[in-house]
Amino acid sequence: MKSSRILWADDEIYLLTPHIMFLTDRGYDVVTVCSGQDAIDSCLSGVFDLIFLDENMPGLSGLQTLLRIKEISPDTPVVMITKSEDEGIMEQAIGGKISDYLTKPVNSSQILLCIKKNLDKSRIITQTAASRYSRQFSLIDSQIGGGGTDQEWKDIYKTLTYWDLELEDSRTGVSDILHSQKVEANRLFARFIRDNYFDWLSNPDTRPVISPDIFRRAVFPLLDSGERVFFILIDNFRFDQWRAVKDMLSEHFTPVEDLYYSILPTVTQYSRNSIFSGLMPLEISRHYPDHWVDEDSDEGKNLSEEFFVGRQLERCGRDVSFSYVKVGGSIQCEKLLNSFDNTDNYRLNVMVFNFIDMLSHSRTESRVLRELSSSEAAYRSLTRSWFEHSGIMSLFRRISEKGCCVVLTTDHGSILVTNSVKVSGERDTSSSLRYKHGRNMTFNRREVFTIDSPVNACLPSPSLSSKYIIAQNYDFFAFPNNYNQFTQHFTGTFQHGGISLEEMLVPLLTLRPKS
């Protein structure tokens, strides 16, 4: 492995010979200079992994030298060494973007620890995480094999997501082992859903929280206690994406974290309409036939969300004023922020953000976006970037300043599909990749979750002989015609509609503002 190159600038460098020998013996290449100007010249002529810089040198001071070095090599970590603990000097140094500082007299152990913290931190953290995961492997395996309740599957998914984030920078074989565990977990999770889903629909008082229960279980208790509530739904927002942005929101809120189960199919038309109406899709189509749009219609499938919220509030006896807004891009978000004070007129403000879902769909068709989000880790990174640079963080800050609670959730997640499954049917068979409904479909029953009687799944049926099939694990459906081309195009894309931990177990968060 290539040795790290260190520049050390100190006007009394001869006094540091023991430390320099100590580092040299440990494989570090140390270049020494006696002034700030010499340090600048060295940075102009060579590249260093780390720079030690004495704060009190004749000629150019350490602070003056720091500013020049940052102009030349802004990403090189600089450690300031000072005799003084003067607060003003340290604030100036921190403002100049030092990576660390040491107070004289220094010892060799301090110096070595400082180097490891600044140069080897990522490697050490990654190796430690890999070692910790290896020790936990058997326990996680037992968890997955014993997953028999809805709460146990929540805990399993939280555990796998934790390790996914911990190991996302690992280039060792441990990441492959974790992926294998996730594959096995999704296989057994699909079996768990097949065994329990219909019972959940028949027993609303004892089932885990599913889509139509969200308002009743998460929103109404807050309203009943007198809170002003913002209900924010981010379409297609996975649990790992929440974990990737949690620290930013935790600056302004104290989050209470939970998961709920999205209904099947895990797509916006079914799951989001169910959330806002408090009803299953079949009930929506029966109670509000003018507001349920069949899938083969060109009309938008989620144009009645505000109507559904109003009807649910009325049906549940909540005489609450509410607003509704759907945000698709930065311009709409800016308009929302500009009119934010209008939200004071309502006890409940419902907001829908579509960016992540738009990103998921655009990624399928755009080679550039596929490159930018080539993995789940990259997908999380894009989500975090959106939170950082769009207006959504400004919105959350404003809500916190008003002292309001937020219920933050989604309608479904998505999964990176890798395996195509052949399905054929009549011309009116739906075109969705992770689920299909239609008549006379041909498929392998061992590869899908079959809903022969849609009424049993509380789903509308376009015709008496229609059925639904739901993809499991990492599968997606493809018609036999153009099968190879279709498979190549969609393999490695994020899709939703089926049964997987990533699609069905999604965030349900209550955020209380910090005082």
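Just so you know, all these numbers are worked out from the coordinates, no wet-lab data involved. As the structure is a computational prediction, the values presented were derived from the model and not from experiment. Glycine gets a Cβ as well: all are built from the backbone with ideal geometry, and neighbour counts include every protein chain shown.
Things to note:
- Only helices enter this figure: runs of n ≥ 4 DSSP H residues, each worth -39500 (n - 2.57), summed and divided by the residues of the chain, yield -13500 deg cm²/dmol at 222 nm to the nearest 500.
- Fewest-first sequence of 214, 469 by Cβ atoms within 10 Å of each Cβ: 214, 469
- Computed over the chain, relative contact order equals 16 percent, with contacts defined as Cα pairs under 8 Å that lie 6+ residues apart.
- 19 Å Cα-Cα threshold exceeded, pairs from 154/182; 158/514; 422/467; 326/514; 70/97; 83/117: 158/514; 326/514; 83/117
- With distances taken between every two different alpha-carbon atoms, the chain has a Kirkwood hydrodynamic radius of 26.3 Å.
- Measure of compaction for the stretch 222-262 (Cα Rg per 2.2 N^0.38 Å): 1.34
- Ratio Rg/Rh, restricted to the stretch 171-319 and using Cα atoms, in which Rh is the Kirkwood radius: 1.01
- A simple rule links phi to the HN-Hα coupling: the Karplus curve 6.51 cos²θ - 1.76 cosθ + 1.60 with θ = phi - 60°, which for the stretch 379-387 gives 4, 5, 4, 5, 4, 5, 4, 4, 4 Hz, with x for Gly and Pro.
- Taking only Cα atoms of the stretch 5-119, radius of gyration then Dmax in Å: 12.7, 36
- Of every Cα-Cα pair in the stretch 418-491, the percent that sits beyond 20 Å: 26 percent
- log10 of Debye I(q)/I(0), alpha-carbon scatterers only, for the stretch 123-194 at 0.15, 0.27, 0.28 Å⁻¹: -0.47, -1.25, -1.31
- Dimensions in Å of the stretch 356-515 - Rg and Dmax from alpha carbons: 19.1, 60
- Residues in the stretch 456-472 carry Karplus couplings, in order, of 5, 9, 6, 10, x, 10, x, 8, 4, 9, 6, 9, 10, 10, 10, 6, 10 Hz; the curve used is 6.51 cos²θ - 1.76 cosθ + 1.60 with θ = phi - 60°, and Gly or Pro positions show x.
- For the stretch 463-515, taking Cα atoms only, Rg and Dmax work out to 17.6, 60 Å respectively.
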